[in-house]
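Step one of this worksheet: look at the structure below.
The values are calculated or read from the model by the stated rules, or taken from the named source; none is laboratory data. This one's a predicted model, so the numbers in the text were calculated from it and none came from an experiment. Ideal geometry is used to build each Cβ from the backbone, glycine not excepted, and the neighbour counts take in all protein chains shown. To get the accessible areas, we keep the full protein, side chains included, count just its heavy atoms, and leave off ligands, DNA and RNA. Shrake-Rupley method; radii C 1.70, N 1.55, O 1.52, S 1.80 Å.
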Amino acid sequence: GQPYDMVIPDVVGVRLHGIRRAGVTATDVTLAVVELLRKHGVVGKFVEFTGSGLAGMSLPDRATIANMAPEYGATIGFFPVDEETLNYLRLSGRSDEKVNLVEAYFKEQGLFRIPDATEPNYSEVLEIDLDTVEPALAGPKRPQDRVLLPKVRDVFWDSLNIVGDKKISDRSSQFNNGGDSHGELTHGSVVIAAITSCTNTSNPSVMLAAGILAKKAVERGLRVPGFVKTSLAPGSTVVIEYLRKAKVLEA
């Protein structure tokens, strides 16, 4: 029967607008979101995504962004309940009665997102134009760092040439790789290639894109050197199943 005091957190609204360009994945959008929120500072805050850009954003894409809350430092990142939420409930086997109840409840509470409705009163509002998001990679050291695709090569070499505080000028140092015929192990060689249970593996479009890319590479003769440790552990047998059915899993 004792009262419990808690500080009401600030809620940062991230207004998404526009449509992402062809070739730009949900991961690219996520990295842009992480970079923006890290710079702004959202530790101890809630982040809600809003704006017209939500209309064209699938549930897996939303999940990819929301799951990265630990990387951008927020207590939680979430999307409002809307038609996409109801579609997910139907897709995952909920009865029409349950879906109708959810819709009626959230609309009655004023929590159901309706296009062109008045935006909630957020503590702060940030904006992201999806049209301007470019393909990128995370890293080279921290998941919240973003490197645009055209700059990956230069950033890789710059990172490779520094070990601790020491600059390495010789990129051609070779090591014994047991006579593998598919390549030589040198400074900078990839030795671990892993797709593991994390944000990307919740998004079928990204996983299938990776599978198609790998399939095309194998068809053109690319092979994994013996010194590279590969693993695929997405955390769900469903992922393995749809990759197998799409015939993009075989080496």
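Does LEU89 satisfy being more than 19 Å from ALA138 (Cα to Cα), over 20 Å from the mean Cα position of the chain (by Cα) and of a type in the set (A, V, I, L, M)?
When the stated conditions are applied, LEU89 passes them.
Before we move on, is GLY13 modelled with pLDDT under 95 and surrounded by 15 or more Cβ atoms within 10 Å (Cβ to Cβ)?
Details: modelled with pLDDT under 95: no; surrounded by 15 or more Cβ atoms within 10 Å (Cβ to Cβ): yes.
Taking the combined requirement at face value, the residue does not satisfy it.
Which numbered condition trips up ALA251, out of (1) at pLDDT 85 or above; (2) of a type in the set (Gly, Ala, Ser); (3) farther than 25 Å from ASP28 by Cα?
It fails just one condition, (1).
Is it the case, given these coordinates, that ALA32 is among the small types (Gly, Ala, Ser), in contact (Cβ under 8 Å) with a residue 60 or more places away in the chain and open to solvent by less than 10 Å² (accessible area, probe 1.4 Å)?
Values: among the small types (Gly, Ala, Ser): yes; in contact (Cβ under 8 Å) with a residue 60 or more places away in the chain: yes; open to solvent by less than 10 Å² (accessible area, probe 1.4 Å): no.
For ALA32, the condition - among the small types (Gly, Ala, Ser), in contact (Cβ under 8 Å) with a residue 60 or more places away in the chain and open to solvent by less than 10 Å² (accessible area, probe 1.4 Å) - is not met.
Just to verify a result, which residue in segment 194-211, among those that are β-branched (Val, Ile, Thr) and surrounded by 14 or more Cβ atoms within 10 Å (Cβ to Cβ), is farthest from VAL239 (Cα to Cα)? Step through it out loud before you land on a result.
Residues of segment 194-211 that are β-branched (Val, Ile, Thr), as a first pass: 195-196, 199, 201, 206.
Cutting the leftovers down to surrounded by 14 or more Cβ atoms within 10 Å (Cβ to Cβ) gives us 195, 199, 201, 206.
Numbers: ILE195: 11, THR199: 13, THR201: 8, VAL206: 11 Å.
Ranking the candidates gives THR199 first.
Residue by residue, here is whether (1) surrounded by fewer than 12 Cβ atoms within 10 Å (Cβ to Cβ); (2) of a type outside the set (Phe, Trp, Tyr) holds:
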| position | (1), (2) |
| --- | --- |
| PHE78 | no, no |
| THR85 | no, yes |
| TYR88 | no, no |
| SER95 | yes, yes |
| TYR105 | no, no |
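Can you find, within segment 35-76, the residue that is nearest to the chain's Cα centre (by Cα) among those that are open to solvent by 30 Å² or more (accessible area, probe 1.4 Å) and without any contact (Cβ under 8 Å) to a residue 24 or more places away in the chain?
Of everything passing the filter in segment 35-76, PRO70 is nearest to the chain's Cα centre (by Cα).
Would you confirm whether or not segment 219-233 contains a residue that is in contact with a helix residue (DSSP H, G or I) (Cβ under 9 Å, 6 or more places away or on another chain), assigned to a strand (DSSP E or B) and either at pLDDT 80 or above or acidic (Asp, Glu) (or both)?
Yes.
Collect the residues in segment 123-152 that are exposed (fewer than 12 other Cβ atoms within 10 Å of the Cβ) and either at pLDDT below 90 or in a loop (DSSP other than H, G, I, E, B) (or both), keeping them in residue-number order.
Going through segment 123-152, the residues exposed (fewer than 12 other Cβ atoms within 10 Å of the Cβ) turn out to be 132, 141-142, 150.
Listed by number, the residues that qualify are LYS141, ARG142.
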